[in-house]
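Okay, so here's the structure we're looking at.
The values are calculated or read from the model by the stated rules, or taken from the named source; none is laboratory data. Small disclaimer: the values here were computed from a predicted structure and weren't measured. Cβ sites come from the backbone with ideal geometry, for glycine too, and all protein chains shown count toward neighbours. Quick note on the areas: whole protein, heavy atoms, side chains included, nothing else; ligands and nucleic acids left out. Shrake-Rupley method; radii C 1.70, N 1.55, O 1.52, S 1.80 Å.
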Amino acid sequence: MSTVYETLKEHIVEGVLQPGERLVERDLATEHGVSRIPVREALRRLEAERLVVVVPRKGVLVSPFTPADVADFFDVRESLEVLAARLAAGRADQEALARLRAALAEADAATARGEAGAIARANAGFHSAVVAASGNALLVELMGPLEARLRWLFRLTFERDQARQCAEHHELFDAIAAGAAERAAAVALRHVVSGRTPSLELAAGWTAIDPDEVAKRRRR
């Protein structure tokens, strides 16, 4: 059974709850059939993951994903995901490689179907598998809270060239499987950098929902 936290996170990442939308503790408790305590705890966890934000006189809102947020996120990815790829190439065992192959196959299948949500989940899953294959517990811990935000970004930028992303994932897997650490790092960096400009261009057109309008619609 899903917790309030898991449900709200999924709704944010999948776009059921839109950036800028107000989350009212009382309404969420009623909707989920729970007291306010688990709702309050869920909102705290989502705030820690930067999926919601507390705004004075507005309350809790689904976080916007501004161009500045996207740029900051890519700065982090260009460092940590490159490190993960380099380490994975030197440390991935057969079990880790099998998980990477499975994640790659899932991403290929989702891309072939053209389903935005499935593609976002599968692509984020592949990136998470690379991090796990790094064998660095601290890196896994640091990147864990970013997985939902990465999937959110992938869904919001679905218009990007999905076939190209798949091809780059295969190239990255081949470098890791070959144990070519520096080649894996270079491929990972090129892969992340290639997504920065198109993602920023798409982010420039995103508009947040006015929380006052959301509140009015809910009262109708």
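Regarding the stretch 59-135, what's the average projected area of the Cα-atom convex hull, expressed in nm²? Write out the running numbers ahead of the final one.
Values: hull surface 26.8 nm².
Value for the stretch 59-135: 6.7 nm².
Give me Rg over Rh for the stretch 39-99, both radii from the alpha carbons and Rh done the Kirkwood way, two decimal places. Provide the component values of the computation, followed by the final result.
Values: Rg = 17.4 Å, Rh = 14.5 Å.
Rounded to two decimals, Rg over Rh is 1.20.
How large is the Rg to Rh ratio of the stretch 155-194 when both quantities use alpha carbon positions and Rh follows Kirkwood?
Working: Rg = 11.0 Å, Rh = 10.6 Å.
The Rg/Rh ratio comes out at 1.04.
Please give the solvent-accessible surface of Glu182 in Å², to the nearest 10, using a probe radius of 1.4 Å with every protein chain present.
Its heavy atoms expose roughly 120 Å² to the probe.
Using the crude model of +1 on Lys and Arg Cβ and -1 on Asp and Glu Cβ, and no other charge, please compute the dipole size for the stretch 50-193 relative to its Cα centre, in debye to 20.
Rounded to the nearest 20 debye, it is 440 debye.
Could you tell me which residue out of Leu202, His170, Ala107 lies farthest along the dipole of the chain toward its positive end? Charges go on the beta carbon: Lys and Arg +1, Asp and Glu -1, centred on the Cα centre.
Leu202
Taking 7 Å along the Cα-to-C-beta vector as the label spot, tell me the Thr7-Val140 distance in nanometres, rounded to one decimal.
According to this spin-label approximation, the distance is 3.0 nm.
Work through the residues other than Glu10 whose Cβ is under 12 Å from its Cβ and net out their charges, Lys, Arg +1 and Asp, Glu -1.
Around Glu10, the charge tally is +2.
In whole angstrom, how long is each semi-axis of the equivalent ellipsoid of the stretch 1-123, when you take the square root of 5 times every eigenvalue of its Cα gyration tensor and sort them from largest down?
In descending order, the three semi-axes are 33, 19, 15 Å.
Using the heavy atoms of the protein chains and a 1.4 angstrom probe, tell me the accessible area per residue for the chain in square angstrom.
I get 50 Å² per residue for this part.
Might you report the magnitude of the Cβ-based charge dipole of the stretch 92-137 about its Cα centre, with Lys and Arg at +1 and Asp and Glu at -1, to the nearest 20 debye?
Here the stretch 92-137 has a charge dipole of around 80 debye.
Please compute the contact order of the stretch 74-220 in relative form: average sequence separation of alpha-carbon pairs under 8 Å and at least six residues apart, divided by the residue count, as a percent.
36 percent
Top to bottom by accessible area (1.4 Å), largest first, where do Leu8, Leu142, Leu200 land?
Solvent-accessible surface, decreasing: Leu142, Leu200, Leu8.
What net charge do the residues around Arg121 carry, taking every other residue with its C-beta under 11 Å from that of Arg121, with Lys and Arg at +1 and Asp and Glu at -1?
Every neighbour counted, the sum reads -3.
Relative contact order for the stretch 26-152 using alpha-carbon pairs under 8 Å, separation at least 6, rounded to a whole percent?
23 percent.
Which shape class applies to the stretch 103-150: rounded if a/c is under 1.5, otherwise prolate when a/b exceeds b/c and oblate if not, where a ≥ b ≥ c are the square roots of the Cα gyration tensor eigenvalues?
oblate
Keeping the other protein chains in place, figure out the carbon and sulfur percent of the accessible area of the stretch 1-91, with a 1.4 Å probe.
Accessible surface attributable to carbon and sulfur in the stretch 1-91 totals 54 percent.
What is the magnitude of the charge dipole of the stretch 1-87 about its Cα centre, with +1 placed on the Cβ of each Lys and Arg, -1 on the Cβ of each Asp and Glu, and no other charges, expressed in debye to the nearest 20? Provide the component values of the computation, followed by the final result.
Numbers: 12 positive and 15 negative charges, 74 e Å.
With Lys and Arg at +1 and Asp and Glu at -1, about 360 debye.
What is the mean projected area of the alpha carbon convex hull for the chain, to one decimal in square nanometres?
12.9 nm²
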